[in-house]
1. Return the lysines within reach of residue 409: Cα separation strictly under 24 angstrom, same-chain partners fewer than 8 residues apart disregarded; answer none if there are no such residues.
2. Note down the relative contact order for the chain as a percent, whole number, built from C-alpha pairs under 8 angstrom at least six residues apart.
3. How would 156, 392 line up by accessible area, probe 1.4 Å, largest first?
4. Quick one: Debye curve from the alpha-carbon atoms of segment 32-160 only, equal weights, vacuum; give me log10 I(q)/I(0) at q = 0.22 Å⁻¹ to two decimals.
5. What part of the accessible area of segment 428-563, given as a whole %, is carbon or sulfur when the probe is 1.4 angstrom?
6. Nearest 20 debye, what's the magnitude of the dipole of the chain about its Cα centre given +1 on Lys and Arg Cβ and -1 on Asp and Glu Cβ?
7. May I ask you to give the solvent-accessible area per residue for segment 323-454, in square angstrom, as obtained with a 1.4 angstrom probe?
8. If a/c stays under 1.5 just call it rounded; otherwise compare a/b with b/c (prolate if a/b is bigger, oblate if not). Do that for the chain, with a ≥ b ≥ c from the square roots of the Cα gyration tensor eigenvalues.
Amino acid sequence: MNEFSFQTRAQSLERFKREKFDLLVIGGGIIGAAVARDASSRGMKVALVERKDFAFGTSSRSSKLIHGGLRYLQNMEFHLVFEALSERALLLKTVPHMVRPLPFFLPVYDGDKPGKGLLSMGLWLYDLLSLFRAPGFHKRLSKDKLLEAIPYLKKEGLQGGFSYFDASMWDDVLTVETLRSANRMGAAVANYVEALSPVWTADRITGFRVCDLECTGANRNFEINASRVVVCAGPWTDQMGSRLSKDWKNWIEPSKGVHLIFDLKRIPIPGAMVMTNKDDGRISFVIPRPDFGAGVVIVGTTDGPAPALAEDAGVAAADVDYLMALLNDYFPELKLRASDIISAYVGVRPLFGSNTESLQKVSREHHIDVGPGGTVVVAGGKYTTHRKMGEEIVDFALRIWREDLREGKGATFPRGLTSSRTKAPVNPKASPEAIDECRRDAARQSASIPEELFHRYGAGVLDVLELQKSQPPKANSVADPDGFPMLSAQLRHAIRSEMVMHLEDFYLRRLPLYSTRADHGMPWAEALARVWGEERGATDAEVQTELSHLRAEVAKRSEWKLKL
Ligand SMILES: Cc1cc2nc3c(=O)[nH]c(=O)nc-3n(C[C@H](O)[C@H](O)[C@H](O)COP(=O)(O)OP(=O)(O)OC[C@H]3O[C@@H](n4cnc5c(N)ncnc54)[C@H](O)[C@@H]3O)c2cc1C
């Protein structure tokens, strides 16, 4: 088993205090994770701190798609689409367990803009820009063919449509696997460590004062020394910017995106579907996730202005009304009601730059720049292009580092660096070869492994099975829920290999237990809290505190229901 546990975290904290790093990355979302992995793969000495759990921010609240971004063709952002499609091809190959081909349906109605002609051209271009490495190519569909696939689709004015391919993924788990990979390559990585204020040496930032939020003792605050600091704080970029300098000028144009989750049985759709709001031209998706718990459909997203503090963004009744109206317009026969919603979540896009005319038109292209004291600050981007972005950010950091040295500023340059090595599988146990071998072994031994476990762990499923066999018989006092076949062993695995510190991390970001069940997995909370206590060597009182934190977080995340 690849250890990436609370003990790994403790070792990272020791290293933070003792060593001098080439790079300190602030922010454990997908972008910080990609930077840490890329820099470590080149031989740099890297530290990364995340003040909450990994992927706590935008990186666990996305639409969970790896996509070229068909809609960006409208803005003529061909370079962005080409880059995203190339990365999609790579991720489908190197993260085959979690990044999986997903067919999309695009219905066209009388009066739709763009109409069939333009869409057809756009989809040809989409296939072309993928260099024909798409999991499948687009098809024109007659009205009958479309209704065969989605019989409850609104028939009035329906002209037919198209199908094409993109991919689905597990966003939060991809972030954790990327960080584990960085750690395997030497990075010191820790969640629940907040970057407080910069350490200045003359006119350079040479480290950060940080706080270990898991520690209550006097030594919870200390300094991490690093030649360069890279800020990957997503929607918190401006808050971090003002910690770097009082003259910081805001970068981010935050945009709020809300998703609703339904039972797949309630919207039994065979692929994702694109919906266009006729009034404002905005696009939302209906995304089936049979691999999430017992099977759900994610519907989203809205796209609207967000409050300055990302923490303040919530699911508003207007967001729910907006998506429900769209759904009932496209699927009138399903008669969906707000009471069908299992859960909802909100994410804030850290979009760079401003274009007040329309948030949809703000470019998704990322922005990398030199910040105060020689820091590197990053904003924007997409999950799909995270690997490439990590590479670009490290290239950028090295370039300005060399320039500084030429001008006699800054610290010595790291020696013996290689080129980036991030095209390899992020998790060796989930390479196509490892998964095939694992399936063959299981077949030889006539062992039946639930398919959903392959989707989540690749060949790492064997570690979960091992834990399942070795745990005491009464580890879980209630039968496992549908879609989560080995819940307590999965928790043990998450604590040992995915740096789960708290039950909340497990419920919200390692497994979709909260989001895919109407009971939010709470009937299993006590049994899982006991398993957490065993793994962490916690007292009964600590187990009870953990349980009450989980209950409070679940209640907070469900507050939007009271507003309806
Ligand atoms: C609604 C929505 C849907 C999306 N869907 C898709 C999609 O389907 N496909 C796609 O490719 N992209 C998608 N995106 C874009 C993608 O999800 C984001 O670009 C990406 O997750 C941003 O990652 P990040 O690391 O920059 O930010 P974040 O994930 O927010 O990470 C920043 C981290 O910094 C931490 N932090 C902040 N301050 C401090 C501090 N002082 N000390 C330590 N840590 C700190 C935060 O806690 C946070 O975890 C979507 C975005 C949104 C909002």
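The values are calculated or read from the model by the stated rules, or taken from the named source; none is laboratory data. In this text the structure is predicted, and so the values were computed from the model without any measurement. FYI the Cβ positions are ideal-geometry reconstructions off the backbone, even for glycines, and counts take in every protein chain you see. Heads up: the accessible areas ignore ligands, DNA and RNA and are worked out on the full protein's heavy atoms, side chains in. Shrake-Rupley method; radii C 1.70, N 1.55, O 1.52, S 1.80 Å.
1. 20, 45, 246
2. Relative contact order for the chain comes out at 20 percent.
3. 156, 392
4. Debye intensities relative to I(0), on a log10 scale: -1.36.
5. Its accessible area is 52 percent carbon and sulfur atoms.
6. Computed charge dipole of the chain: roughly 840 debye.
7. 48
8. Since a/c reaches 1.5 but b/c is at least a/b, the shape of the chain is classed as oblate.
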